[in-house]
Structure formats: C-alpha cells, structure tokens
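Undergrad: Just passing along the structure, written as structure tokens.
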Amino acid sequence: MNRMFNNAPAMTIAAIAGILFLCGFAIAQEQYMTKAEFDKFLQQYRQDVFAQEQSRQVIPAPQEEKKLAWKKGQFTITPYGYVNLSASYDSQKALNGDYCAFINSPDLEDASDFQVDAKSSRFGVFLDGPGIPTWSGSKINAAYEFDFQGAWTVRNRPGFMMRKAYVSVGDKYTKFLAGQDWEVISPLFPKTLNYTAGAAVGNNGYRRAMLKVDRRFYLSNADDLLFQFALTDNIIRDAAGVNWCTASMGNYPVLQGRIAYAFGNNRYEFNPNSCDVFCSSNKLDPITIGVSAHFGEQRFDYGLGSPGGVGRKYHKTWSINGDLDVPFSKRLRLQAEYFFGDNLSGVEGGIMQGVDIYLQRVITGQGGWIGLQYFWTDKLQNNVCFSIDDPVNKDVLGGSTPNGLARNYNHCFFVNVMYNWTAMLMTGVELSFWRTHWQQYNAATDTVRTLRPGEATRVEFVTRFTF
C-alpha cells in the first residue's frame with residue numbers, strides 16, 4: 001500500500017485525502033447530499049485540482065526522442081554512434097598515448113606526450129523486429145558496431161575494429177544471444193573520458209564472441225533476480241612475439257556466469273513540486289548487487305631457449321568478481337567492482353599479463369574500482385573514481401614479453417566534468433593521476449632489476465557528438 005501511494009502523484013494523494021475529509025465531515029455533521037449534488041460537487045473539485053496542478057507544473061513533459069531509422073520488412077534499422085575528438089597531455093608517456101592503460105617507466109622512455117585523436121569515433125546499427133511466431137512476446141534484435149582503434153600504419157589512417165556483432169531473441173524473462181558482445185563478468189564501467197574505461201587498472205571485462213542465455217525472475221514489483229551463463233571465446237594476450245613460446249586455445253571454451261539481485265525500485269522519491277528537472281520521473285534504477293565468475297584453460301608450448309625448460313603446459317584462467325550499483329538519488333550514484341583470480345590478461349586484468357613465461361606459471365592478481373557520479377543539473381555532471389590492479393609480486397618475474405619487462409602494480413585516480421550543450425553534443429575535461437611499477441628480468445644473469453615507477457598527470461579534453 002505504501003508503495004502504491006509513493007508512486008502516485010502528490011496532487012492525486014491530496015485529492016483522495018480531500019474527498020475522504022469532506023465525506024467524513026459530512027457524516028460527522030449528519031448532513032447528506034443528493035446524488036446530483038454530490039456529482040456536481042465532485043466535478044467542480046476535479047476541475048479545481050486540475051487547475052492547481054497546471055499552475056504548479058514547471059517541468060515540461062518528456063518528449064519522445066526522434067531517431068533516424070528505416071524499415072526492412074518487419075524490422076526497424078536504427079543507426080547510432082558518435083563522432084569523438086580527444087586531446088590529451090601526459091607528463092610521462094602513457095601506453096597507448098591517445099588513450100591510457102598504464103604509464104611507461106622513465107628508465108624506458110623519459111618523455112612527456114601530447115595527442116590529438118579521432119580514432120575513438122564509433123558507428124553501429126541496431127535491428128529490432130518481431131520474434132519467433134511460436135514464442136509469444138519474443139523479439140529479435142541484432143547489432144553491428146565498430147570504431148577505428150584497429151591496426152593502423154599512419155595515425156590519420158586508422159583501421160576498423162569490430163566491437164559488436166550479435167543477434168538475440170527473447171522476451172522479458174529469457175534471452176538468447178549469439179555473436180560478439182560485452183562479456184558476462186564485471187558489467188559496469190567507470191565514467192571516464194579515457195577510451196579504455198579502466199582496462200589494465202581495475203576494470204575487468206571486454207567484448208568477445210559467445211553463446212549466452214539470460215534468465216530473469218521477477219520476485220515482486222520491486223526486486224528481481226538475474227541469472228546469466230555464456231560459452232565464450234578464449235582470448236590469448238601473452239607470449240606475443242616470443243619465438244620460444246607459443247600460446248593457443250585450450251580444450252574447451254571459457255565458461256562465464258553471473259547472478260545479480262536488483263531491489264529497491266522506486267525506493268528513493270522526490271517531491272515534484274520542490275525540486276528541479278531530476279524530478280520529471282520519480283522512478284529510479286534499482287540497487288543491483290552482482291557476483292560473477294569465469295573459468296577456462298590455455299595451452300602454452302615452451303620450446304628451445306625457454307628459461308624454464310621445454311614442454312607443454314595447460315594454464316587455467318579464472319576469476320571471481322563482484323559488482324555494485326547504488327543510485328542514492330536522481331543526482332548521486334555509486335558504482336564499484338572487485339576481482340580476484342589467475343591468468344587475467346584475457347579479461348584485461350593483471351595489467352595485461354596473465355602468464356609469466358619465464359616462471360611458466362600463472363599470475364595471480366586482484367583489484368577493482370569505486371566511482372561516484374553526481375549531476376549538478378540535467379546538463380552538468382561530475383565523476384570521481386579510484387581504480388587499482390595489483391598482481392602478486394612473486395608471480396611476476398619477467399612478465400609475458402620477450403624483453404623480460406613486467407608490471408607489478410598500477411593505479412589511477414581521476415575526476416572529470418562533462419557538460420551536455422544539447423542532448424547530442426557533449427564536452428568534457430578529465431584530470432587523472434597514474435602510477436605504474438616496473439621491473440625487468442635478465443635471463444642471462446637470472447636477476448631482476450627494479451625500474452623507476454611510471455608516474456604521470458594526464459589531462460584530457462573530449463568533445464563528442466552522439467546520434
């Protein structure tokens with residue numbers, strides 16, 4: 001009952017209370033109205049309430065957004081994407097430069113860096129149509145999306161990189177997906193202007209080919225339970241360019257799963273007559289708590305010249321992850337993720353290192369991030385976040401590259417401001433502080449040299465037109 005009244009407009013509640021009061025007063029005074037008199041009184045009362053609501057309405061009703069789309073048979077095809085321009089300065093050179101995953105040690109390259117880049121611009125198409133005739137309430141969706149962060153030889157001649165390519169069918173309870181999409185584990189993203197969105201510094205998860213099923217259970221009007229399971233592609237990042245070590249897929253696909261509980265829908269309310277545009281809808285996203293995991297296997301063949309000896313080894317890759325999303329109000333939102341596991345380079349963990357090819361064993365690591373998002377107005381927002389990726393030091397001897405370089409710690413703190421000039425045009429500025437620890441293994445002398453840490457202040461400006 002309380003939920004029903006909380007969801008009702010304030011003036012409707014006042015109208016109900018007023019009618020009950022007048023009816024009670026009439027009964028108390030033993031004064032009765034005829035039906036005709038009561039109908040006339042009720043009509044006048046409704047007119048007065050409507051007039052009061054109109055006089056106090058300061059927020060325009062939301063207008064349906066018009067999007068460019070066209071039809072093909074029963075399907076609607078909608079293009080989307082954005083044009084993105086980034087200008088950034090790093091006090092110490094970052095990898096990759098136009099975006100940042102970690103900071104180079106000054107012992108490797110002692111230089112600052114300035115970049116102007118448009119390769120993060122993105123384009124995609126989304127298809128939406130009727131579902132399977134024998135599946136009542138189902139719909140079929142498909143998407144194809146790419147950006148320009150693929151292989152390139154000259155900076156202003158970038159290559160395409162496929163981001164998504166999938167088809168899905170489902171209803172509000174069950175959905176099946178086949179193709180490349182964001183993986184099941186760690187589904188949140190820091191609200192950063194940096195293209196990598198926290199990869200290699202606490203935000204695990206990427207896009208990969210998969211067969212996925214989602215099953216949602218609506219426990220009540222205010223909470224639900226989501227189960228997700230996927231058979232996914234095995235991403236190999238280690239041993240690239242090493243002539244005495246070859247890495248390849250294991251004997252089975254990587255398995256991923258997630259359980260998420262969402263609750264508190266409409267838990268936080270505003271009085272629409274005493275706040276600004278954020279009160280145009282009283283409904284908030286629910287609080288969501290998720291736990292996810294992945295498990296897989298990779299094969300490494302160590303040949304002649306390998307410091308750890310010749311042979312074939314199967315290295316497991318696994319993680320346990322947690323995610324939290326808490327919309328405290330229409331203005332303030334907290335999000336956080338945590339991970340722990342082995343051989344995490346395929347899911348962007350371990351600072352992009354999964355197997356130490358010198359020790360011939362997996363690298364264990366943990367990390368995560370926590371961020372706050374605050375809307376000052378419907379156009380202006382602030383985001384603050386701290387993220388960290390911390391592999392176990394004893395597991396990282398020479399890393400996964402032929403030169404013996406390894407990273408055993410990486411963190412980032414950023415704060416940004418974004419302003420939406422229109423619903424489609426945004427500009428933003430981000431200030432971030434980075435620190436990356438480095439070491440280098442010398443196989444000839446079997447010694448490890450600690451390098452000076454990579455420390456940088458990064459300033460990034462972005463302007464983005466979204467359609």
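Undergrad: Please sort by residue number the chymotrypsin sites (Phe, Trp or Tyr not before Pro) in region 72-147 whose DSSP state is loop and whose Cβ has at most 15 other Cβ atoms within 10 Å. Provide the component values of the computation, followed by the final result.
TA: Details: sites: Phe75, Tyr80, Tyr82, Tyr89, Tyr99, Phe102, Phe114, Phe123, Phe126, Trp135, Tyr144, Phe146; in loops: Tyr99, Trp135.
Hits after loop and neighbour filter: Trp135.
Undergrad: Something else: How large is the accessible surface of Met162 in square angstrom, using a 1.4 angstrom probe and rounding to the nearest 10?
TA: We get 90 Å² for Met162.
Undergrad: Quantify, in whole percent, the carbon and sulfur part of the accessible surface of region 310-403 (1.4 Å probe; protein heavy atoms only).
TA: Values: 2290 of 3550 Å².
That share works out to 65 percent.
Undergrad: Let me ask another. Placing +1 at every Lys and Arg Cβ and -1 at every Asp and Glu Cβ, with all other atoms neutral, what dipole size does region 292-445 have around its Cα centre, in debye to the nearest 20? All intermediate terms of the calculation are to be shown ahead of the outcome.
TA: Details: 12 positive and 13 negative charges, 13 e Å.
The calculation lands at about 60 debye.
Undergrad: With +1 assigned to the C-beta of every Lys and Arg and -1 to the C-beta of every Asp and Glu, and no other charges, what is the dipole magnitude of region 82-225 about the Cα centre in debye, to the nearest 20? Numbers along the way, then the final one.
TA: Numbers: 16 positive and 16 negative charges, 125 e Å.
Here the size comes out at about 600 debye.
Undergrad: What does the charge count around Tyr302 come to, taking other residues whose C-beta lies under 13 Å from its C-beta (Lys +1, Arg +1, Asp -1, Glu -1)? Don't jump to the answer; show the numbers that get you there.
TA: Working: positive: Arg299, Arg312, Lys313, Arg361; negative: Asp238, Asp301, Asp356.
Computed value for this residue: +1.
Undergrad: Under a Cβ-Cβ cut-off of 11 Å, what is the net charge of the residues other than Gly198 that fall near it, where Lys and Arg count +1 and Asp and Glu count -1? Each step should come with its number before you reach the end.
TA: Working: positive: Lys191; negative: Glu337, Glu348, Asp389.
Taking every Cβ under 11 Å from that of Gly198, the sum is -2.
Undergrad: Could you give the length gained by full extension between Tyr314 and Lys71, i.e. 0.36 nm per residue of separation minus their alpha carbon distance, to one decimal place?
TA: Values: separation 243, 0.36 × 243 = 87.48 nm, distance 4.95 nm.
Net length gain for the segment: 82.5 nm.
Undergrad: Show Asp223, Asp323 ordered by accessible area, largest first, where the area counts protein heavy atoms only and the probe is 1.4 Å. Present the calculation step by step, with values, prior to reporting the outcome.
TA: Numbers: Asp223 30, Asp323 10 Å².
From most exposed to least exposed: Asp223, Asp323.
Undergrad: Suppose every K and R has +1 on its Cβ and every D and E has -1 on its Cβ; what is the size of the dipole of region 309-383 about the Cα centre, in Debye to the nearest 20? Each step should come with its number before you reach the end.
TA: Details: 8 positive and 7 negative charges, 13 e Å.
Result for region 309-383 is approximately 60 debye, rounded to the nearest 20.
Undergrad: Using a simple spin-label model with points 7 Å from Cα along the Cα→Cβ vector, what separation in nm is obtained for Ala443 and Val429?
TA: Roughly 4.9 nm, to one decimal.
Undergrad: Can you compute the FRET efficiency between Thr457 and Ile132 using 1/(1 + (r/R0)^6), with r the Cβ-Cβ distance and R0 = 41 Å? Round to the nearest 0.05.
TA: Numbers: r = 54 Å, r/R0 = 1.32.
That pair, Thr457 with Ile132, gives E of 0.15.
Undergrad: With N set to the residue count of region 339-385, report its C-alpha Rg divided by 2.2 N^0.38 Å to two decimal places.
TA: Taking the Cα Rg and dividing by 2.2 N^0.38 Å, one obtains 1.80.
Undergrad: Among Arg361, Arg464, what's the order by accessible area (1.4 angstrom probe), most exposed first? Before the final figure, lay out each step's value.
TA: Details: Arg361 100, Arg464 50 Å².
In descending accessible area the options line up as Arg361, Arg464.
Undergrad: Here's another thing I want to ask about it. Farthest toward the dipole's positive end in region 147-223, which of Phe176, Pro158, Leu193, given Cβ charges of +1 (Lys, Arg) and -1 (Asp, Glu) about the Cα centre?
TA: Towards the positive end, the residue furthest out is Pro158.
Undergrad: Then there is this: Could you state how much accessible area Lys379 has, in square angstrom rounded to the nearest 10, with a 1.4 Å probe and all protein chains kept in place?
TA: Rounded to the nearest 10, the figure is 70 Å².
Undergrad: Can you tell me the accessible area per residue over region 324-368, all protein chains present, probe 1.4 angstrom, in square angstrom?
TA: Numbers: 1170 Å² over 45 residues.
About 26 Å² of surface per residue is accessible.
Undergrad: Run through region 103-194 and list the GluC sites (Glu not before Pro) located in a DSSP loop whose Cβ has at most 16 other Cβ atoms within 10 Å.
TA: Values: sites: Glu109, Glu145, Glu183; in loops: Glu109, Glu183.
Filter output for region 103-194: Glu109.
Undergrad: Mind checking the full-extension length gain between Val417 and Arg215? Use 0.36 nm per residue of separation minus the Cα-Cα distance, one decimal, nm. Walk me through the intermediate numbers first.
TA: Working: separation 202, 0.36 × 202 = 72.72 nm, distance 3.70 nm.
Contour length minus Cα-Cα distance gives 69.0 nm.
Undergrad: Suppose each label sits 7 Å from its Cα in the direction of the beta carbon; what would the Ala111-Leu334 distance come out to in nanometres?
TA: Label-label distance for Ala111 and Leu334, simple model: 4.4 nm.
Undergrad: Sticking with this one: For Val459, Val201, Val362, write out the residues from largest to smallest accessible area, computed with a 1.4 angstrom probe and no ligands counted. Spell out each step's value before the answer.
TA: Values: Val459 65, Val201 0, Val362 30 Å².
The most accessible residue leads, giving Val459, Val362, Val201.
Undergrad: Enumerate by residue number the chymotrypsin sites (Phe, Trp or Tyr not before Pro) in region 353-410 meeting two conditions: DSSP loop (anything except H, G, I, E, B), and at most 16 other Cβ atoms within 10 Å of the site's Cβ.
TA: Working: sites: Tyr358, Trp369, Tyr374, Phe375, Trp376, Phe386, Tyr409; in loops: Tyr358, Trp376.
Qualifying residues, ordered by number: Trp376.
Undergrad: Heavy atoms only, probe 1.4 Å: what % of the accessible area of region 143-259 goes to carbon and sulfur, would you let me know? Could the numbers behind the result be given before it?
TA: On the way: 3270 of 5440 Å².
Here it works out to 60 percent.
The values are calculated or read from the model by the stated rules, or taken from the named source; none is laboratory data. Here the structure is a predicted model, which means the values were calculated and not measured. Glycine also receives a Cβ, built like all others from the backbone with ideal geometry; neighbour counts cover every protein chain displayed. The area values use the complete protein model at the heavy-atom level, side chains included, leaving out ligands, DNA and RNA. Shrake-Rupley method; radii C 1.70, N 1.55, O 1.52, S 1.80 Å.
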